Amino acid sequence: MNDTFLKACRGEEVPYTPIWIMRQAGRYLPEYRAVRGKSDFLKMCKTPELAAEVTLQPIDILNVDAAILFCDILIPCEAMGQGLEFHEGKGPLLGPPIRDKATVDKLSVPDPEDKMGFVMDAIRLLRKELDGRVPLIGFAGAPLTTATYMIEGGTSKNFLNTKMMIYENPDLYKTFMDKVTATTTEYLKAQVSAGAQAVQIFDTWGGIFSPGDFRDYALVYVKRIIKDLKDWMTSENIEQVPVIYFVGETAGLLEEIKTSGADVYGVDWRINLDDAINRIGDGAIVQGNLDPLSMFLPQEKIEERVKDVLNRASSAKGHIFNLGHGVVPQTPRENVVALVEMVHRLSKK
Ligand code: CP3
């Protein structure tokens, strides 16, 4: 089994730097578009055979060192009782938006196997199909990131409604976030029970806050999830799976992020990786952090940037190569294939 990724997450010696790519199963792959052409996005998430098929595509095509389950961070919103739709070119639409006590009270904390069993079925199927080739990463949105979609009703520019709830009705925000947090914790436990070998918590929108507000309105809930998950793995005698915490706009928030209790910190590209490692401090294990748009450069320029990231990572206790955010749909497929080859070749010990 290729366990380079899991070893790097634990800070153990590795023969080369492992790599996987956020959104590696996606529209930049013609193979993905072929499957997607025949069914809508949510149907793919909810059909374990289809989810498994597109999860495996980047393993075969790119030779990455980990698989990430094909699904979406917004699936639990629907399981909590909110409507969820994806429209071509518009992104997700959730309704009704969660903005008052009545809409918060209607939300439930679902039993994950009961309401999202298709996710755990996809994980169980994937573990069989992967048969030890590479580890499988499960994931969830961080409560703040998930909550912004639920409150705004979709993607947002300035997150006005989210901040208004926090400012005008902090108790309601807390009640709502307690439900989102409990849902996320149970969902991640179910993924680990089903066979996820690492989990990543996506906090794409953490950077909408000042560091103080990030700590009070986002990080507290992430800390609770990570602690509950780790205590549960200990009490169930489950081997600890690494927890990766990715925050967008990482640079302003690192001093807060490093108190989260995560094993690995995902770093975006707006900060030099050696800076991030120094600020996290001794024993830093990091994931990142090439600008996703670098993938549009000629390959020799991409290679220079890969070398730079690898050099900057040399002081880390562990490094998993990744982009600083998801690969964008227009990315040339051959450059992504080349990226994986470069990372493996240039980092070889
Ligand atoms: O990384 C992977 O390959 C695993 C699958 C995955 C998807 N979304 C598939 C997807 C993961 C881990 C996500 C996470 C996700 N989803 C995040 C956090 C990470 C990030 O990118 O910031 C967020 C904020 C979402 C919410 C979401 N899902 C949005 C805003 C959109 C629409 C924008 C877009 O890219 O079209 C999605 C749709 C989505 N999720 C697609 C995929 C492959 C595109 C759907 C399609 O095929 O039309």
key: Matching residues in the range 170-182 - criterion: being in contact (Cβ under 8 Å) with a residue 24 or more places away in the chain and over 12 Å from residue 224 (Cβ atoms)   = 172, 173, 175, 176, 179
note = When every residue in the range 46-93 that is of a type in the set (D, E, K, R) and within 10 Å of the ligand (Cβ to nearest atom) is compared, the one farthest from residue 177 (Cα to Cα) is 88
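Here's the yes/no breakdown for (1) more than 16 Å from the ligand (Cβ to nearest atom); (2) more than 19 Å from the chain's Cα centre (by Cα); (3) part of a loop (DSSP other than H, G, I, E, B):
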| site | (1), (2), (3) |
| --- | --- |
| 12 | yes, yes, yes |
| 21 | no, no, yes |
| 24 | no, no, yes |
| 39 | no, yes, yes |
| 44 | no, no, no |
query = Within the group 114, 100, 131, which residue is within 21 Å of residue 216 (Cα to Cα) and surrounded by fewer than 23 Cβ atoms within 10 Å (Cβ to Cβ)?
reply = 100
ask   = Before we move on, is residue 89 at pLDDT below 95 and surrounded by fewer than 18 Cβ atoms within 10 Å (Cβ to Cβ)?
value = yes
Answer from 100, 60 - the residue that is more than 19 Å from residue 24 (Cβ to Cβ) and of a type in the set (Asp, Glu) = 100
All positions within the range 295-326 that are assigned to a helix (DSSP H, G or I), open to solvent by less than 10 Å² (accessible area, probe 1.4 Å) and either free of Cβ contacts under 8 Å to residues at least 12 places away in the same chain or within 16 Å of the ligand (Cβ to nearest atom) (or both) = 295
message = Yes or no: the range 209-227 includes at least one residue that is part of a helix (DSSP H, G or I), in contact (Cβ under 8 Å) with a residue 40 or more places away in the chain, aliphatic (A, V, I, L, M) and touching a Lys or Arg at 6+ places or on another chain (Cβ under 9 Å).
response = no
inquiry  = I'm checking my understanding of the structure. Among residues of the range 243-267 that are over 18 Å from residue 196 (Cβ atoms) and within 15 Å of the ligand (Cβ to nearest atom), which one is most open to solvent (accessible area, probe 1.4 Å)?
reply    = 249
query = Exactly one of (1) more than 16 Å from the ligand (Cβ to nearest atom); (2) open to solvent by 10 Å² or more (accessible area, probe 1.4 Å); (3) assigned to a helix (DSSP H, G or I); (4) out of contact with any strand residue (DSSP E or B) (no Cβ under 9 Å at 6 or more places or on another chain) is unmet by residue 181. Its number?
reply = (2)
remark   = The condition of being touching a His at 6+ places or on another chain (Cβ under 8 Å) and either surrounded by fewer than 20 Cβ atoms within 10 Å (Cβ to Cβ) or within 18 Å of residue 120 (Cα to Cα) (or both) holds, among 2, 63, only for 63
ask   = Could you say whether any residue in the range 134-141 is surrounded by fewer than 18 Cβ atoms within 10 Å (Cβ to Cβ) and at negative phi?
value = no
key: Output for the range 196-213, where each listed residue is surrounded by fewer than 23 Cβ atoms within 10 Å (Cβ to Cβ) and more than 17 Å from the chain's Cα centre (by Cα)   = 208, 210, 211, 212, 213
request  = Run residue 128 past the list (1) within 16 Å of the ligand (Cβ to nearest atom); (2) free of Cβ contacts under 8 Å to residues at least 24 places away in the same chain and report the number of the one that doesn't hold.
outcome  = (1)
key: Residue within the range 258-274 that is out of contact with any strand residue (DSSP E or B) (no Cβ under 9 Å at 6 or more places or on another chain), of a type outside the set (Asp, Glu) and assigned to a helix (DSSP H, G or I) present   = no
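The values are calculated or read from the model by the stated rules, or taken from the named source; none is laboratory data. Owing to the predicted nature of the structure, the values given are computational and were not obtained by experimental measurement. As a convention, Cβ positions derive from the backbone with ideal geometry for all residues, glycine included, and neighbour counts pool all protein chains shown. Note: accessible area is taken over every heavy atom of the protein model, side chains too, but ligands, DNA and RNA are not part of it. Shrake-Rupley method; radii C 1.70, N 1.55, O 1.52, S 1.80 Å.
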